[in-house]
Every structure is written in structure tokens, then in C-alpha cells.
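A short worksheet on the structure shown next.
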Amino acid sequence: MTAASPTRYRRHRFPAEIIAHAVWLYFRFPLIFRDVENLLAERGITVSFQTVAEWAAKFGLKFAHQLRRRSRGHFADKWQLDEMVVTIRALPRA
């Protein structure tokens with residue numbers, strides 16, 4: 001995911017790429033703020049979970065809309081079920 005215009009990230013301690021990556025991680029995967037904090041710490045970026053929460057609140061809406069827009073229309077109209085048995089209201093055998 002590419003970062004938006006640099007003016008959105010003005011006056012922040014971290015570069016736009018790090019902020020964008022943290023927000024993307026939070027909205028793309030089922031993670032909590034502390035998980036994002038730990039993932040960034042593994043990459044050598046020390047940031048608190050409160051900061052990630054503030055970034056998500058400030059920049060998250062745009063990222064969420066982009067992710068939803070990208071995921072639309074990727075599902076086929078026809079589904080193929082392989083080796084599946086569905087029993088609906090089965091009568092007991094005598």
C-alpha cells in the first residue's frame with residue numbers, strides 16, 4: 001500500500017511509510033494494537049500501542065476504504081464445491 005500525500009503525515013515523528021505500514025497491518029489483518037506494536041518492534045521500530053491507536057484513528061478510515069474497494073468484485077459468481085455432502089432435514093432410516 002502506498003503512502004498518501006506527505007502533507008497528511010506532516011509533524012509526525014515517524015516517516016509516512018512506517019505510519020502507513022502500521023495502519024495497514026491493523027486494518028488488513030485481525031490484529032490488536034499491541035500486536036502491531038510487537039510486529040514493528042521486530043523490525044526495530046519502537047512505537048507504543050497508543051501511538052498505533054492514534055494513527056489508526058487519524059489515518060485508518062482512508063486505508064479501510066482502500067482495502068474494501070480493492071476486495072470488491074474478486075469473487076466469482078459460480079462456486080465449485082468439491083466432495084461435499086449436505087444433508088438437510090434427514091429422515092431417520094428404518
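The values are calculated or read from the model by the stated rules, or taken from the named source; none is laboratory data. Everything numeric in this text was worked out from a predicted model, so none of it was measured. Glycine gets a Cβ as well: all are built from the backbone with ideal geometry, and neighbour counts include every protein chain shown.
The number of residues in segment 45-91 being modelled with pLDDT of 90 or more and not in a helix (DSSP H, G or I) comes to 4.
Note on segment 33-60: residues that are without any contact (Cβ under 8 Å) to a residue 12 or more places away in the chain and of a type outside the set (Ser, Thr, Tyr) amount to 9. Filtering segment 1-10 to residues that are within 16 Å of the chain's Cα centre (by Cα), farther than 10 Å from Phe63 by Cβ and either surrounded by 12 or more Cβ atoms within 10 Å (Cβ to Cβ) or modelled with pLDDT of 90 or more (or both) leaves only Ala3. For segment 11-32, the set of residues classified as in a helix (DSSP H, G or I) and either free of Cβ contacts under 8 Å to residues at least 24 places away in the same chain or under 14 Å from the mean Cα position of the chain (by Cα) (or both) consists of Ala16, Glu17, Ile19, Ala20, His21, Ala22, Val23, Trp24, Leu25, Tyr26, Phe27, Arg28, listed by residue number.
The set of residues from segment 32-69 being more than 18 Å from Arg13 (Cβ to Cβ) and loosely packed, with under 11 Cβ neighbours inside 10 Å comprises Glu42, Arg68, Arg69.
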